[in-house]
Amino acid sequence: MQRPNTESSILIIYTGGTIGMVENPATGVLEAFDFTYLNKNVPELNRFGCNISVEQFDPPIDSSAITPQEWIRIAEIIRDNYDSHDGFVVLHGTDTMSYTACALSFLLNNLSKPVILTGSQLPIGKLRTDGKENLITAIEIAAAKINGKARVPEVCIFFENYLMRGNRTSKVSADQFNAFDSFNYPQLAYAGIDIKYNDGAIMQLPHDMPPFSISTNLNPNVGILKLYPGITREVVESYLAIPGLKGIVLETFGSGNAPMDEWFLEALEKAVKNGKVIVNVTQCVTGYVDMTRYETGHLLEKIGLVSGYDSTSECALVKLMYLFGQNLSPEEVKCQMCLPLRGEISIEGVYCHH
Ligand code: ASP
């Protein structure tokens, strides 16, 4: 069995979520508790083969209350502890964990250490909790090294049995232990009796990596518009007219298709001309947008929509926040949307029109 590297120093950043919750005896409702509760319930932490330190949000928060401000706060904690630690485990509620993983992947520049997000479906104090295994394995992965270097130098989610690239994940179940999936990118590791790493899928770092740094600006003036049959002109036009809106993830059908009504195409074209970046992301969980496949997709491309390729909606949205946060022009944002900045899209053989 693989053992964690005894020389590794791991920082646990406890933000909140079910993993650290307890039942309020009066109401039966789950409430966040102090990290010492977690520590008490996982005595294994004290005899783990590496140095573990903890930073916690005070108070811990349910992940449905997380905002870009908290993403930046986590990035700052990682920056402040980067040199003194070999890896980071972020304990986080599952509800918005995928969004946080996307945000961290963009905010952390030139990352060469593991940042593993995990949480649980059942509080760690419950007998059948999944939290203990998730936490222990996440620490083991964060501590893992090969030839003195981090085994997984990227932002990941570890949940149940799988390690996944964080910006490729979606939460897929509200009640199963297997709560996340990475539909368009292979898992980075499988944790069974041993942890089996999928080396071919893990991020390869360049030899001459610039120093680690973080970005601390995100622009939240973006949104997701999901198409559905019968969507009305009022809905589309009102959405596109939201004051200050800079970018939109348009969730389309199949390989990137949308209605061909004149009013619809005109509304999109007007928005693009006004400097809004509209990213075409499919509602399907697997596969990618190909705006050359059908006439409807082709029309969207012609009026200036940018392809989201095989991105999740979560990732396309957060990437827009990140790019607009860097004060880029709409044209520059379009160009960057076409590039895999952190392994978030696969664009082999696909040509960028921007
Ligand atoms: N509502 C919780 C949260 O996301 C659920 C969980 O932790 O799984 O914070």
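Laid out as a table, the results:
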{"item": "Selection within segment 35-66 - open to solvent by 40 Å² or more (accessible area, probe 1.4 Å), touching a residue at least 24 places away in the same chain (Cβ under 8 Å) and in a loop (DSSP other than H, G, I, E, B)", "result": "59, 62"}
{"item": "Unique match (being open to solvent by less than 20 Å² (accessible area, probe 1.4 Å), more than 21 Å from residue 238 (Cα to Cα) and touching a helix residue (DSSP H, G or I) at 6+ places or on another chain (Cβ under 6 Å)) among 344, 314", "result": "344"}
{"item": "Unmet criterion (only one of (1) touching a residue at least 40 places away in the same chain (Cβ under 8 Å); (2) of a type in the set (Asp, Glu); (3) in a helix (DSSP H, G or I)) for residue 269", "result": "(1)"}
{"item": "Boolean, residue 78 is outside any helix (DSSP H, G or I), touching a residue at least 12 places away in the same chain (Cβ under 8 Å) and either closer than 21 Å to residue 151 by Cα or of a type in the set (Lys, Arg) (or both)", "result": "no"}
{"item": "Number of positions in segment 81-93 that are within 22 Å of residue 34 (Cα to Cα) and open to solvent by 10 Å² or more (accessible area, probe 1.4 Å)", "result": "1"}
{"item": "Number of positions in segment 9-34 that are in contact with a His (Cβ under 8 Å, 6 or more places away or on another chain), within 16 Å of the ligand (Cβ to nearest atom) and over 10 Å from residue 123 (Cα atoms)", "result": "2"}
{"item": "Residue in segment 170-182 that is at pLDDT 95 or above, under 22 Å from residue 70 (Cα atoms) and crowded, with 21+ Cβ neighbours inside 10 Å present", "result": "yes"}
{"item": "Qualifying positions in segment 1-21 - at pLDDT 75 or above and either among the hydrophobic types (A, V, I, L, M, F, W, C) or at positive phi (or both)", "result": "10, 11, 12, 13, 16, 17, 19, 21"}
{"item": "Helices (runs of 4 or more DSSP H) wholly inside segment 285-354 containing at least 2 residues that are modelled with pLDDT under 95", "result": "295-302"}
{"item": "Among residues of segment 94-123, those that are of a type outside the set (S, T, N, Q) and open to solvent by 10 Å² or more (accessible area, probe 1.4 Å), counted", "result": "5"}
{"item": "When residues of segment 229-284 are limited to those that are of a type in the set (Gly, Ala, Ser), closer than 19 Å to residue 320 by Cα and modelled with pLDDT of 95 or more, the one surrounded by the most Cβ atoms within 10 Å (Cβ to Cβ)", "result": "247"}
{"item": "Single condition residue 69 does not satisfy, out of (1) assigned to a helix (DSSP H, G or I); (2) within 12 Å of the ligand (Cβ to nearest atom); (3) open to solvent by 40 Å² or more (accessible area, probe 1.4 Å)", "result": "(2)"}
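Per-residue answers, yes or no, for (1) part of a loop (DSSP other than H, G, I, E, B); (2) more than 16 Å from the ligand (Cβ to nearest atom):
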| site | (1), (2) |
| --- | --- |
| 89 | no, no |
| 111 | yes, yes |
| 124 | yes, no |
| 135 | no, no |
| 140 | no, yes |
| 152 | yes, yes |
| 157 | no, no |
| 185 | yes, yes |
| 193 | yes, yes |
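The values are calculated or read from the model by the stated rules, or taken from the named source; none is laboratory data. These figures come from a predicted structure and were not determined experimentally. No Cβ is skipped: glycine too gets one built from the backbone with ideal geometry, and neighbour counts run over all protein chains shown. Ligands, DNA and RNA are stripped out before the accessible areas are found, and what is left, the full protein with its side chains, is counted by its heavy atoms. Shrake-Rupley method; radii C 1.70, N 1.55, O 1.52, S 1.80 Å.
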